[in-house]
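The values are calculated or read from the model by the stated rules, or taken from the named source; none is laboratory data. Computed from a predicted model, the values in this text were never measured in an experiment. Here the Cβ positions follow ideal geometry from the backbone for every residue, glycine too, while neighbour counts run over all protein chains shown. We work out accessible area using only protein heavy atoms, side chains counted, and drop any ligands, DNA or RNA first. Shrake-Rupley method; radii C 1.70, N 1.55, O 1.52, S 1.80 Å.
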Amino acid sequence: MGTVHARSLEPLPSSGPDFGALGEEAEFVEVEPEAKQEILENKDVVVQHVHFDGLGRTKDDIIICEIEDVFKAKNLIEVMRKSHETREKLLRLGIFRQVDVLIDTCHGDDALPNGLDVTFEVTELRRLTGSYNTMVGNNEGSMVLGLKLPNLLGRAEKVTFQFSYGTKETSYGLSFFKPQPGNFERNFSVNLYKVTGQFPWSSLRETDRGVSAEYSFPIWKTSHTVKWEGVWRELGCLSRTASFAVRKESGHSLKSSLSHAMVIDSRNSSILPRRGALLKVNQELAGYTGGDVSFIKEDFELQLNKPLMLDSVFSTSLWGGMLVPIGDKPSSIADRFYLGGPTSVRGFSMHSIGPQSEGDYLGGEAYWAGGLHLYTPLPFRPGQGGFGELFRTHFFLNAGNLCNLNYGEGPKAHIRKLAECIRWSYGAGIVLRLGNIARLELNYCIPMGVQRGDRICDGVQFGAGIRFL
């Protein structure tokens, strides 16, 4: 193994495996190779002590939960692998700027011939951090400024204030995040927020002031989020030419809802996957916990990706949803579904499919959309192995429909209505992947099945976002 750099440490008393924080006075001493090195290379080992150097306000109990697997390692390879996995867990907590690992042979009176010491050298984040960046949504962009108080109480709690100014939406909010020690996927958060959005396709302006509480947890291969949200909504007209149907929706409402989301995601990338599948299912019940808005809402998203020969990928996706009002009050324009645009049914303008009044699109209570895609490398592979790998050639076929249903007619009538007047389009273009942040599409689209009132984009269409059909 060569020269081993070991630390001169006094073992700290603790129940179970030794655990402690190291001081600045720790010294490096050089130990020459001995017969013990041969033992560690070829035989089982025991991790006797795990030390931390650099801890300040972080509590010991949350660290102990993250290092338990290190003590289960039985050989040197396992020690290295589990130490690396523990390092990744510590970084995921969001409380350390840097984490380094040092594995040494064990020293001291209680040292075993095959004993090891593992030391994690950590650098904690400052008590207050700031950030600024840009974000890309579905065909919109925004500038985001944030302040963060990481590791507020010493157990990976986080308080965040964020302000966002975008092309269609301006928001600010305050959130508190608390993970479960030893299981970061189980976490609880509370949010206070105000969001003002503009929706030109509906001549609508919406201001939401709300509070939400959610709990996230994994079950087997699925991720679940249970959420309660209370929001005071103010709807208004974006222009003087807004239709009467939109003006009628203007005013204040109070929505209190319970929702559940389930996600199964085996894709290798969320932006431009080459393999794997995605299933998202969302349910929302409004009105049961108060407020003057009552409905049941269900929607899903399914995506399958299959690699083919010549570095090509075939992808298929299916979206669908339904909203059922409860009581005599009709659904709100703010709760309905919208369809169309470069991120859904291409070849149509943004959210410009379905019911409309005087040029303002009102959304629908039921929809479906599907797509077939073939992604291939650029012709002649320019920039292969470098910048050219961010681009893909894109061939697509999209279809979908959005409408309102008469819920007294029965399922067969609903299916028949959703199958009527199907909009569809096909075309080809270029896709650019912007890391794991977003993707850009430049497509030549040929819309088909156009209905009266639909707005189309016949020809070149540009799209940017993170969620594409």
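Regarding TYR165, is this residue in a strand (DSSP E or B), over 19 Å from ASN138 (Cβ atoms), open to solvent by 50 Å² or more (accessible area, probe 1.4 Å) and not aliphatic (A, V, I, L, M)? Considered against the rule, which asks whether it is in a strand (DSSP E or B), over 19 Å from ASN138 (Cβ atoms), open to solvent by 50 Å² or more (accessible area, probe 1.4 Å) and not aliphatic (A, V, I, L, M), TYR165 comes out as no. Do we have any residue at all in region 313-331 that's modelled with pLDDT of 95 or more, aromatic (Phe, Trp, Tyr) and under 27 Å from SER203 (Cα atoms)? Yes, region 313-331 contains at least one residue that is modelled with pLDDT of 95 or more, aromatic (Phe, Trp, Tyr) and under 27 Å from SER203 (Cα atoms). Residues that are basic (Lys, Arg) and not in a strand (DSSP E or B) were ranked within region 424-469; the one that is most open to solvent (accessible area, probe 1.4 Å) is ARG452.
Let's see how each residue does on (1) in a strand (DSSP E or B); (2) farther than 25 Å from LYS89 by Cα; (3) of a type in the set (Val, Ile, Thr); (4) open to solvent by less than 40 Å² (accessible area, probe 1.4 Å):
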position	(1), (2), (3), (4)
PRO179	yes, no, no, yes
SER189	yes, no, no, yes
LEU192	yes, yes, no, no
THR207	yes, yes, yes, yes
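What number goes with the only condition from (1) touching a residue at least 24 places away in the same chain (Cβ under 8 Å); (2) more than 30 Å from VAL50 (Cβ to Cβ); (3) in contact with a Lys or Arg (Cβ under 6 Å, 6 or more places away or on another chain) that SER202 does not pass? Of everything listed in (1) touching a residue at least 24 places away in the same chain (Cβ under 8 Å); (2) more than 30 Å from VAL50 (Cβ to Cβ); (3) in contact with a Lys or Arg (Cβ under 6 Å, 6 or more places away or on another chain), SER202 misses just condition (3).
Kindly indicate whether any position in region 70-87 is open to solvent by less than 50 Å² (accessible area, probe 1.4 Å), under 19 Å from ASN151 (Cβ atoms), at pLDDT 90 or above and not in a strand (DSSP E or B). The answer is yes, given that some residue of region 70-87 is open to solvent by less than 50 Å² (accessible area, probe 1.4 Å), under 19 Å from ASN151 (Cβ atoms), at pLDDT 90 or above and not in a strand (DSSP E or B).
Among the conditions (1) open to solvent by 20 Å² or more (accessible area, probe 1.4 Å); (2) part of a strand (DSSP E or B), SER212 misses just one, which is (1). When the residues of region 125-162 are filtered to those that are part of a strand (DSSP E or B) and among the polar types (S, T, N, Q), which remaining residue is farthest from GLU441 (Cα to Cα)? Among them, the one singled out is THR129.
Among what's in region 139-162 and is of a type in the set (D, E, K, R) and open to solvent by 50 Å² or more (accessible area, probe 1.4 Å), pick the residue that is nearest to LEU238 (Cα to Cα). Per the stated criteria, the residue is GLU140. Output the residues belonging to region 49-75 that are among the aliphatic types (A, V, I, L, M) and in contact with a helix residue (DSSP H, G or I) (Cβ under 6 Å, 6 or more places away or on another chain). Hits for region 49-75 are VAL50, ILE67, VAL70, ALA73.
Scanning region 335-361 for residues that are within 26 Å of GLU409 (Cα to Cα), open to solvent by 30 Å² or more (accessible area, probe 1.4 Å) and in a loop (DSSP other than H, G, I, E, B) returns ARG336, TYR338, PRO355.
Annotation: GLU389 fulfils all but one of (1) at pLDDT 90 or above; (2) charged (D, E, K, R); (3) farther than 24 Å from SER202 by Cβ; the unmet one is (1).
Of the residues that make up region 90-113, is at least one open to solvent by 10 Å² or more (accessible area, probe 1.4 Å), assigned to a helix (DSSP H, G or I) and within 28 Å of ASN151 (Cα to Cα)? The answer is yes, given that some residue of region 90-113 is open to solvent by 10 Å² or more (accessible area, probe 1.4 Å), assigned to a helix (DSSP H, G or I) and within 28 Å of ASN151 (Cα to Cα). Contact map, region 107-118: first residue over 15 Å from LYS74 (Cβ atoms) and free of Cβ contacts under 8 Å to residues at least 12 places away in the same chain, second residue open to solvent by 20 Å² or more (accessible area, probe 1.4 Å) and in a loop (DSSP other than H, G, I, E, B), Cβ cut-off under 9 Å, separation 6 or more or different chains; pairs are ASP109/PRO11.
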